[in-house]
1. Output the residues belonging to the stretch 161-187 that are over 23 Å from Val203 (Cα atoms), of a type in the set (Gly, Ala, Ser) and surrounded by 14 or more Cβ atoms within 10 Å (Cβ to Cβ).
2. Condition first: more than 24 Å from Glu207 (Cα to Cα), open to solvent by 30 Å² or more (accessible area, probe 1.4 Å) and in contact with a Ser or Thr (Cβ under 8 Å, 6 or more places away or on another chain). Now tell me which residues in the stretch 117-148 satisfy that.
3. In the stretch 82-101, how many are more than 18 Å from His53 (Cβ to Cβ) and not acidic (Asp, Glu)?
4. Please find, within the stretch 289-304, the residue that is most open to solvent (accessible area, probe 1.4 Å) out of those that are part of a helix (DSSP H, G or I) and over 17 Å from Ala217 (Cβ atoms).
5. Just to be sure I understand the filter: pairs with C-beta atoms under 6 Å, separated by 6 or more residues or on different chains, first member in the stretch 250-275 and more than 8 Å from Pro55 (Cα to Cα), second member open to solvent by less than 20 Å² (accessible area, probe 1.4 Å) and at pLDDT below 95. Which pairs pass?
6. What tally of residues in the stretch 320-332 results from selecting those that are at negative phi and either open to solvent by 30 Å² or more (accessible area, probe 1.4 Å) or of a type in the set (S, T, N, Q) (or both)?
7. On the given criteria, is Gln351 at pLDDT below 95, in a helix (DSSP H, G or I) and either of a type in the set (S, T, N, Q) or open to solvent by less than 60 Å² (accessible area, probe 1.4 Å) (or both)?
8. So Arg91 passes all but one of these: (1) open to solvent by less than 10 Å² (accessible area, probe 1.4 Å); (2) over 25 Å from Val209 (Cβ atoms). Which condition number does it fail?
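The values are calculated or read from the model by the stated rules, or taken from the named source; none is laboratory data. Everything numeric in this text was worked out from a predicted model, so none of it was measured. So basically every Cβ, Gly included, is an ideal-geometry build from the backbone, and we count neighbours across all protein chains shown. SASA here: full protein model, heavy atoms, side chains in, ligands and nucleic acids out. Shrake-Rupley method; radii C 1.70, N 1.55, O 1.52, S 1.80 Å.
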Amino acid sequence: MMKKTLGRRAAIAAASLASVSLALSGCTASSEVSEGDLEDVTLMVDVAFLPKHAPFFSAVAQGFFEEEGIALELMPGSGSNNTVTSVDTGRVDFGWADYGVTILNRGEGASVKQVNLVQGMSAYATLALPDNGIKDWSDLKGKTVATEGAGAMTAMWPLAVEGAGLSESDVEVVHASGESKIPGLLAKQWDANISLFVSDEPVLIGEGVEPVVLKWADIGVSYYGNGIVASEDTIENDPDLVKRFNAAMQQGYLWACQNPEEAAADFMSEVPGFTAETVRVAIDGQCSLSWTPENEELGFGAMSDEGVQDFIQVAGDYLGLEDPEGLVPGSVYTNEFLTDIKPGDDISSPQAD
């Protein structure tokens, strides 16, 4: 109850081939819910299972979903766009996806909403090796950075350059596949990577490298990050499920933040191939995105009209949203199904009861 790497690519690939059903993995929560009473629910994440997803695995393993009457099946994704589409078409019940991608899909007619922000700010960052002569944003002048073709980070790179006081001509951008970005950086084919620091920093640390991490949020490019997406059909026809899902997700996620070592162990028991240090770094990174000044006021996972409107405008200016004026914040998100959790609230695992 709530009291108010390179050598790892085979493991990642294996994890992406099949979903992982965790809710009945042998952990018994304190609630007196029999297996037959549990409701089967699916959550698709954004990409193949990575250490950054550890809080989700831990939320299941610690019994938070079972306590809410849910048998949760975690499924790997292949990009936020596919995750949002899978929610919209009813292939999965919930998705973990980039906020900008949700806005774009909503603008194109998808019947989905963000129901739990989770990441109060994005994890967009520029990562460099410690010996590449890059210590601050100003050091990127004359350097080469790699990015993955089309995508929100690539499209929003001009915002980061402007926030850093540079011009686009100051930095050369090259395109690389997701699989080649870290090897290319380590081989010094380019000077830095544009990436999610919650994904790439742990991998580099697992390779024995402490990267320089230039977070976009530190230079004012701070917008909502990934959150939980549900279809309007689920919201309308099963609001109790949305509320129970959010209660389990919020409490389980924050429990992982408060207990990173145990959460890392929960993840590694299901997804092999990562060191405890790598997973803990990923958990710390994820948890650093949860509590913005707005969330400290509104509560964990909450969103605001102002915050959503800012991102809608960015989507129109940079992400290709065709009619930003025709998209209102209330059509993109709802806080209706959130449990009120504020900073400092202690979360207890059902396993401890």
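1. Hits for the stretch 161-187 are Gly163, Ala164.
2. Met121
3. 5
4. We begin by selecting, within the stretch 289-304, every residue part of a helix (DSSP H, G or I); these are 293-298.
Restricting the remaining residues to those that are over 17 Å from Ala217 (Cβ atoms) gives 297-298.
Details: Glu297: 136, Leu298: 76 Å².
Within the stretch 289-304, the match that is most open to solvent (accessible area, probe 1.4 Å) is Glu297.
5. Val271/Ala15
6. Of the residues in the stretch 320-332, 7 are at negative phi and either open to solvent by 30 Å² or more (accessible area, probe 1.4 Å) or of a type in the set (S, T, N, Q) (or both).
7. Numbers: at pLDDT below 95: yes; in a helix (DSSP H, G or I): yes; either of a type in the set (S, T, N, Q) or open to solvent by less than 60 Å² (accessible area, probe 1.4 Å) (or both): yes.
It is true that Gln351 is at pLDDT below 95, in a helix (DSSP H, G or I) and either of a type in the set (S, T, N, Q) or open to solvent by less than 60 Å² (accessible area, probe 1.4 Å) (or both).
8. In the conditions (1) open to solvent by less than 10 Å² (accessible area, probe 1.4 Å); (2) over 25 Å from Val209 (Cβ atoms), Arg91 misses (1) alone.
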